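Here's the structure, in structure tokens; my notes come after.
The values are calculated or read from the model by the stated rules, or taken from the named source; none is laboratory data. What you are looking at is a predicted structure, and each value in this text was computed from that prediction instead of being measured. In this analysis, Cβ positions are derived from the backbone assuming ideal geometry, glycine residues included, and neighbour counts consider all displayed protein chains. Surface accessibility is based on the protein's heavy atoms, side chains included, excluding ligands, DNA and RNA. Shrake-Rupley method; radii C 1.70, N 1.55, O 1.52, S 1.80 Å.
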There are 2 protein chains.
Amino acid sequence: MPETPNGVVEAWLAQFDEALRSHNTDDVLELFDDDSYWRDFVAFTWNLKTLESKEDIRRMLDETLDDVQPSNWTLAEDATGDAANTEAWVNFETAQARGYAHLRLRNGKCWTLLTTMQELKGFEEKKGPNREKGVAHEITKGRKSWLELKEEQEARLGYEDQPYTVIIGRGQGGIGLGARLRRLGVPTIIIEKNDRPGDSWRNRYKSLHLHDPVWYDHLPYIKFPDDWPVFAAKDKIGDWLENYTRIMELNYWSKTECTNARFDEASQEWVVEVVRDGEPVTLRPKQLVFALGVSGYPSVPAFDGAESFQGEQYHSSKHPGGGDWTGKKAVVIGSNNSAHDICADLWEHGADVTMVQRSSTHIARSESLMDLALGGLYSEEALANGVTTEKADLLFASLPYRILPEAQIPVYAEMAERDAEFYSQLEAAGFELDFGVDGSGLFLKYLRRGSGYYIDVGASQLIIDGRVQLANGEVGKITGNAVVMANGTELEADAIIYATGYGSMNGWLADLVSPEVADAVGKCWGFGSDTPKDPGPWEGELRNMWKPTNVDNLWIHGGNLHQSRHYSNYLALQLKARMEGLPTPVFERQPTHHTR
Amino acid sequence: MPETPNGVVEAWLAQFDEALRSHNTDDVLELFDDDSYWRDFVAFTWNLKTLESKEDIRRMLDETLDDVQPSNWTLAEDATGDAANTEAWVNFETAQARGYAHLRLRNGKCWTLLTTMQELKGFEEKKGPNREKGVAHEITKGRKSWLELKEEQEARLGYEDQPYTVIIGRGQGGIGLGARLRRLGVPTIIIEKNDRPGDSWRNRYKSLHLHDPVWYDHLPYIKFPDDWPVFAAKDKIGDWLENYTRIMELNYWSKTECTNARFDEASQEWVVEVVRDGEPVTLRPKQLVFALGVSGYPSVPAFDGAESFQGEQYHSSKHPGGGDWTGKKAVVIGSNNSAHDICADLWEHGADVTMVQRSSTHIARSESLMDLALGGLYSEEALANGVTTEKADLLFASLPYRILPEAQIPVYAEMAERDAEFYSQLEAAGFELDFGVDGSGLFLKYLRRGSGYYIDVGASQLIIDGRVQLANGEVGKITGNAVVMANGTELEADAIIYATGYGSMNGWLADLVSPEVADAVGKCWGFGSDTPKDPGPWEGELRNMWKPTNVDNLWIHGGNLHQSRHYSNYLALQLKARMEGLPTPVFERQPTHHTR
């Protein structure tokens, strides 16, 4: 029996390789623990898929092995751990691609395996040793300069030449995906209604900073410079996105709105109607990507009497920040991230502020989140330990959603203990706390429902101190000058800000394509955890994100900076393969269980 | 006796450390070979200085040791080589700074030592683990956003607040130095007459690409993305510089010309008169940096009859590139880089072109230069071998100018052999070749005189084929429609382009400050090799570059992308130390031997 981590893993890989090559599925399954998970990003399944049992794995291998032809499973670097618990980074190949995998063994059997496609053979990015020369060292008449070629291409694309992909996107998601497609040679136009790349950040309220630390937020290819602050201000991020768009030489159509998109079955292409700086243009891409963040349209509940309110009232997304609120009363309905940030902003600028908390909220202090939840993967210490951003992304993905809660619960138990005084002060102020239905905390709330929490960057202290007042419970009605709670409490208001979240992402689809197409795609985000706002049945991967939907040639991209960075790679490879006409048999496309 | 490279170096460092700590200069010198060189960048000398003998080293140590207090000499990583020839990277400290050194031992004695200052203690860049948080997680009234602070600071600097440093610069030199100063917290304004950062590249002729490969050309802090071509086009570099300037948040005053600068002894500050977008502004920095490239004003020899020429005539710096030259005759006077590029450009666009070669020229084929001269330090292979850009820069600097020729001669001997057929074809076409007076090739020509060569990117083939014609010898006179060679050959011309180089860099000083100050500073560039255009006496380091000149608070910055990147670090540290009021005793400031 091998005893070293390398020995354990090499022995396992040799048997795995042999069993896969000989299509001996029984032998493959022998190598997996009874409790085991194989998560695959594109390499085997042309899908994002978690196989949660030996039977799942058998079904997948039976369907895919003939095409995939996996081989050359080798340690990418020394394995770690011991003979009982062993971890390893692994290179492998398929008929079509080169892959990278992460493996956890327990007593020599696989507990978790993550297989990912990294590049398509024959369609690698032209980088490093494969970079282009940039100039022919042979002088010929009529050759064009880089600038002439660039300007020509930009002028033709969308008019004489059609892009293969159109991304409708308003932020880092579309930009990061656009960069990946550019590097893969997939002609792409990004459509964005604002004037400048980055305006989706610049247009937010003045005090906004990233709530996640810098190590977690890089875009693909170019890291933030190493003097970037831990938490960048929204305008700094906006500027970065604008500079990034230029550096990556993206075809970025700003001041452009999509008015309609429909798939033309005859020509097998999308007909995307846009208005570019006032001029209508029809684009005919083969693939259409919606990259509109995690959220749909701003959602405002219909409160009785709202139309009678005499003051200003608007959704949190419209809050400008700043200004002089001295002597004014503001009521903010909601108690998640935006509500807290806006309450703080209003208080800073002189308002008398009340937060209406309608349901319990998970609060995680930024420092604690960094130390306990992110530090091992995204921090200076992680980098010093060799955990690059790219490795951190894979490690993060290496625990399937089924078992992620059990890994997260102890983190938040520790947080509750560490910040016990803080939490008891919040409770003393009347704030209703939770840590998720199962105590699994912030990331799972984010993944399941995309809401229900606040990363504390200071506003909680305002609530503890009573500088921001708190009203708990449901809103009863709204009058000409007040929000009246269901319990009768009257909150006088010169302004009401609805920090009440957003509708489903596929509201955009219903609007721009059709309600039928939106329903065929179905609910986006969440994975069927059967917890609040994430109905079952269990689906195992985020619905419709970065993988084939039930509408061909229609894709959803989004998520936070971390997710946009990581998953854009797999989406870009799926699009590239289709552009090149490679076979892309999708294993078990997910049925649509919920329309919106 | 230690036999391993680590053992050899560690034994040497221990003795060196002990001898330095006890100020026992005799013991120090015992550790050096009779033929030995100690090059120091700022760490010991607050100067750039090569000590070329034991006596030089003794003099330096006697003068500096009390202040410098060097200590903690330790291997930064495993040494390489064998007991006879050993190389090592070494960390050390001084009283004021942390340093990094490169050491070569021969049979246990030092042959070359390069000591460099890397950061001042207590004034480190705020990066990595020392980065700023970016936001206080405590909400207070009246706090300002990142954007408000940035805009306020930009509006005040140069008006209410004075910069510590003004850089008069038109390209990568000023921008890279500006970035270093920004990161060190030295308030700086960069003055540039063009509309946009990067215009100094954009305004050049259309076909221009970098002649050096991408690995050699990075700016400080942010590397070019890894899909950049080996040779980037001028507009791509221009765009990069513009994006870099934004990302680094430099105070970059475009559309601004300096009209006059004088030092006010009373206030000990410069009075720099500039016109910013039409409005006069007076700046009062403590330090003034001229970062105007390697060259001074365009230089055009006074040829008899030039004023009578009926066609177009202009200096190479004004050549736009492109256009339609069909049926036109062009004569290009000169045979170095610009002359070749412009001849090719004119030929491409239909002209009948003659190059006038007035003296022999060194030609190095780009491929051969990359393979033989640069590949070990600046290439994908070098990176794969662990030679980062930063290490390559130090290795490049680790061979002092005195012994650099002997290291370069074999490289060019190999090049002459490898490209023998190419060279004989050029000679057959009448082209007069050289490899430098001592056969030391391109870099030494560049360092000694900044001219006299062409990196072949295709134009030589045009000469070999006779598509660009050649006329050798001196120009006799110019008539209304021709250049007449001294030997009587008449070259008909519709246009004459003077690719005749540039005057001395301190022409700018004479003009903007005064001829007296320019003469006090003296000749810039070259190191006294007593070869053409680089008169003796021997000075050992490039005159006036990146180090204290003979005019206090006046500095010269420049060079190619590699030099600007590397040496800007030492210049920035010298400026930072002065801003902080640290003692900066300059060891043996170089006397001025030549006025211009």
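Rounded to the nearest 100 Å², what is the buried accessible area between B and A, both sides summed, probe 1.4 Å? Walk me through the intermediate numbers first.
On the way: alone 25050 and 25080 Å², together 45060 Å².
What B and A bury together is about 5100 Å².
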For region B:70-146 versus region B:207-259, the gap between their alpha-carbon centres in whole angstrom: 26 Å
Residues with amide H under 5 Å from that of B:Leu219, placed H, sequence gap 5 or more: B:Phe224
Spin-label model distance (nm) - B:Glu381 vs A:Glu312, 7 Å beyond Cα toward Cβ: 6.6 nm
Span from the region B:524-596 Cα centroid across to the region B:440-475 one, whole angstrom: 29 Å
Formal net charge of residues neighbouring A:Glu541 (Cβ-Cβ distance under 15 Å; K, R +1; D, E -1): +2
Table column - 3J(HN,Hα) (Hz), region A:573-590, Karplus curve with 6.51, -1.76, 1.60, x for Gly and Pro: 5, 5, 5, 4, 4, 5, 4, 7, x, 6, x, 9, x, 8, 7, 6, 4, 6
Normalised convex hull volume, region A:423-508, alpha-carbon set, Å³ per residue: 152 Å³
Shape category assigned to the protein assembly as shown from the gyration tensor of Cα positions, a/c cut at 1.5: prolate
Karplus-derived HN-Hα couplings along region B:205-213 (A = 6.51, B = -1.76, C = 1.60, θ = phi - 60°), whole Hz, x at Gly and Pro: 5, 3, 7, 5, 10, 4, 8, 9, x
Vicinal HN-Hα couplings computed from phi for region B:140-153 (Karplus, 6.51 cos²θ - 1.76 cosθ + 1.60; Hz; Gly/Pro x): 10, 6, x, 5, 9, 7, 3, 5, 4, 5, 5, 5, 4, 4
Residue and distance (whole Å) for the chain B Cβ nearest the axis that superposes B on A: B:Asn243, 2
Whole-number percent relative contact order across region A:396-491, with pairs defined as alpha carbons under 8 Å at least 6 apart: 20 percent
Rounded accessible area per residue of region B:75-233, 1.4 Å, Å²: 39 Å²
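First select every other residue whose beta carbon is under 10 angstrom from the beta carbon of A:Asn24; then total the charges, Lys and Arg +1, Asp and Glu -1. Can you show the working numbers first?
On the way: positive: A:Arg21; negative: A:Glu18, A:Asp26, A:Asp27, A:Glu30.
That works out to -3.
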For B:Glu132, inter-copy label distances in nm, listed shortest first [label point 7 Å out on the Cα-Cβ vector]: 3.9
Average Cα contact separation per residue, chain B, under 8 Å, 6 or more apart, as relative contact order %: 15 percent
Shape category assigned to chain A from the gyration tensor of Cα positions, a/c cut at 1.5: oblate
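Determine the shielding of peptide B:125-135 by partner chains: average, over its residues, the number of Cβ atoms on other chains within 10 angstrom of each Cβ.
Details: counts 2, 3, 4, 5, 6, 3, 10, 5, 7, 11, 13.
For peptide B:125-135, the averaged partner shielding equals 6.
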For region B:136-259, share of DSSP beta bridges that run antiparallel, in % to the nearest 5: 10 percent
Average beta-carbon neighbours from other chains, 10 Å sphere, peptide A:238-244: 3
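What does the charge count around A:Leu442 come to, taking other residues whose C-beta lies under 14 Å from its C-beta (Lys +1, Arg +1, Asp -1, Glu -1)? Before the final figure, lay out the partial values.
Numbers: positive: A:Arg365, A:Lys445, A:Arg448, A:Arg449; negative: A:Asp212, A:Glu367, A:Asp371, A:Glu414, A:Asp419, A:Asp434, A:Asp438, A:Asp456.
Net of charged neighbours comes to -4.
Mind scanning A:Lys126/B:Lys206; A:Lys236/B:Lys141; A:Lys391/A:Lys576; A:Lys150/B:Lys133; A:Lys127/A:Lys523 and naming the pairs with a C-alpha gap bigger than 30 Å? List each step's numbers first, then the result.
On the way: A:Lys126/B:Lys206 25 Å; A:Lys236/B:Lys141 22 Å; A:Lys391/A:Lys576 23 Å; A:Lys150/B:Lys133 39 Å; A:Lys127/A:Lys523 38 Å.
Over 30 Å Cα-Cα: A:Lys150/B:Lys133; A:Lys127/A:Lys523.
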For B:Glu580, label point 7 Å along C-beta direction: distances to other copies, nm: 5.2
Number of partner chain Cβ atoms within 10 Å, mean per residue of A:221-231: 6
Residues listed by number, region B:85-118, amide nitrogen under 17 Å from B:Glu3 label point at 7 Å toward C-beta: B:85-86, B:107-108
Gain on full stretching of the segment that runs from B:Asp62 to B:Glu273 - 0.36 nm per residue minus C-alpha separation: 71.7 nm
Gain in span if fully extended, B:Asn203 to B:Ser424, counting 0.36 nm per residue against the direct Cα distance: 76.0 nm
Ranked by how many other beta carbons lie within 10 Å on average, peptides B:583-596, A:171-184, B:523-536 from highest: A:171-184, B:523-536, B:583-596
Residues whose placed amide H lies under 5 Å from that of B:Val356, excluding near-sequence neighbours: B:Val332, B:Ile333, B:Gly334, B:Ala471
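Relative contact order for region B:230-340: what is it in percent, counting Cα pairs under 8 Å that are at least 6 residues apart? Walk me through the numbers on the way to the answer.
Details: 73 pairs, mean separation 13.7, N = 111.
That works out to 12 percent.
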Sum of -39500 (n - 2.57) over DSSP H runs of 4+, divided by residues of chain B (222 nm, nearest 500): -9000 deg cm²/dmol
Between helix B:234-247 and chain B: long-axis angle, C-alpha atoms, 0 to 90°, nearest 10: 30 degrees
Label point 7 Å beyond Cα along the C-beta direction, distances from B:Arg467 to other copies (nm, shortest first): 7.3
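Arrange the peptides A:216-226, B:227-237, A:405-415 so that the one whose residues have, on average, the most other Cβ atoms within 10 Å appears first.
By packing density, highest mean first, the sequence is B:227-237, A:216-226, A:405-415.
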Highest-first arrangement of A:194-207, B:496-509, B:54-67, B:148-161, where packing means the average Cβ count within 10 Å: B:496-509, A:194-207, B:54-67, B:148-161
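Using a 1.4 Å probe on the protein chains only, how many percent of the accessible area of region A:162-202 belongs to carbon and sulfur? List each step's numbers first, then the result.
Values: 460 of 1040 Å².
On region A:162-202, the fraction of accessible area on carbon and sulfur atoms equals 44 percent.
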Cα-based shape type of region A:345-391, given that a ≥ b ≥ c are square roots of the gyration tensor eigenvalues and the cut on a/c is 1.5: prolate
Other-chain or far-sequence residues with amide H under 5 Å of B:Lys193's (modelled H): B:Thr256
Protein-protein interface of region A:333-349, residues with accessible area decrease of at least 50 Å², isolated chain reference, 1.4 Å probe: A:Trp347, A:Glu348
